[in-house]
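Asks: Here it is: the structure, laid out below.
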Amino acid sequence: MMDEREGFVRCVWAEIVSEDDTGWVDKIVASARADDDSPCGDLGTITKAMLDAGITKEQIARFARIMQYDVAFRLCYMLDDPTGLISDFAIETTGNWALFRIDEDSNPREPMYCLHEDLLGRDPTGREMRPKHIKEGIDLSGEDEMSIWLWRANSNRFRAMDLCDERDQAMIDRFSGQPFGRSWQPIRVRLLTDEEQGPKGMPTGDCPYLESQVPVLSQRAVDALGALLTDNGEVLPLRYDEGSYYAYNVTRVVDALDKERSEIDYFDDGRVLDIDHHVFDLTRLRGVTIFKVPETAHRDVFVTTAFVRAVQEARLTGFKFVKLPRKPRAS
């Protein structure tokens, strides 16, 4: 089941124009009037002038998409901090605000911080807003083998999975770095339908999304990644009627987060709420390819470049890796 955070970011992207859809350009130009004094009434004449100047409809669509993404990013950033806008403009408010998850009675639960950090990675094209000529995949030529990446599933372009029985969520919640051993009971999963996920015809990859702390792998991925997986966790079979898929339980938990240089949000009781900016002590990660850290063992899975390289060399699909910076953010 898609969580609230994923759902919000997907809704934002749904409102951003597709660079492959240029039909709206023709409609705007067709309705252009030089004397239109309504709000945004000059959009048609401006767009027509761009076409007359030799700018293609595809370029106009790409330009509009970039500007809409930029505004969406800034708004998501502003949800966290109304006084920390990206531009030099700042405002004084009588209070503050945040976007919260709510329960079934509409009571706020926990805030959804740092949505702007998720936005780029959820680009439905999979290119993270890069130009079309950029090839798919990550260019690892010259990449440091000790670079750290967040392991995600690319649910924008590949079919996601869900639990068949909501009662199995209790088992999913146990994926926090501890081994299951013989206590594991395979849980039944299914692929989301076009109506549930969309768009139609999305392929099933080798790493379908289930939960962020539970990577799911195809038989092909398990065979290709072999010891990289078994040396760092458990490969646990799932019950799926149309093929062999596995939940991967990462049991290598390394106390490698540099808490002094990372940016961490805490609950009042001292527990970690969220990590806005990770900085790792790389001396503790020598020889490690897949790991979790104690502070977010219930959620995040990290890998080093060796794992990213193995995935790409095996031509596995459905994986997504987000590179994390090594240094603290400039103050």
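All of the numbers you see were taken from the coordinates with simple rules; none came from a lab. Quick caveat, the model's predicted, so the values are computed rather than measured. Cβ placement follows ideal geometry from the backbone for every residue including glycine, while neighbour counts extend to all protein chains displayed.
Asks: Where in the range 213-230 does the amide nitrogen come within less than 19 Å of the point 7 Å from the Cα of GLU196, taken along Cα to Cβ?
Replies: Answer for the range 213-230: 213-218.
Asks: How many Lys pairs in the chain lie less than 24 angstrom apart by Cα atoms, where the lysines are 8 or more positions apart or on different chains?
Replies: Within the chain, the lysine pair count is 18.
Asks: Given 0.36 nm per residue, what is the gain on full extension from LYS27 to SER141 after removing their alpha carbon distance, in nm?
Replies: Additional length available on full extension: 36.6 nm.
Asks: Here is a further query. So how far, in whole Å, is the C-alpha centre of the range 226-249 from the one of the range 282-331?
Replies: Taking the Cα centre of the range 282-331 as reference, the centre of the range 226-249 is 18 Å away.
Asks: Loop-only check: which chymotrypsin sites (Phe, Trp or Tyr not before Pro) in the range 248-328 are DSSP coil with at most 12 other Cβ within 10 angstrom?
Replies: Passing both the DSSP loop test and the Cβ count: PHE267.
Asks: Scan the range 248-331 for GluC sites (Glu not before Pro) in coil per DSSP, keeping those whose Cβ has at most 13 other Cβ atoms within 10 Å, and list them by number.
Replies: GLU260
Asks: Right, here's the next one. Here are several values of Cα extents along the principal axes in Å: (1) 46, 45, 34; (2) 79, 43, 39; (3) 75, 50, 49. Which one was derived from the coordinates shown?
Replies: (3)
Asks: Now a separate question. Can you give me the relative contact order of the chain as a percent, contacts being Cα pairs under 8 Å and 6 or more apart?
Replies: Relative CO of the chain lands at 16 percent.
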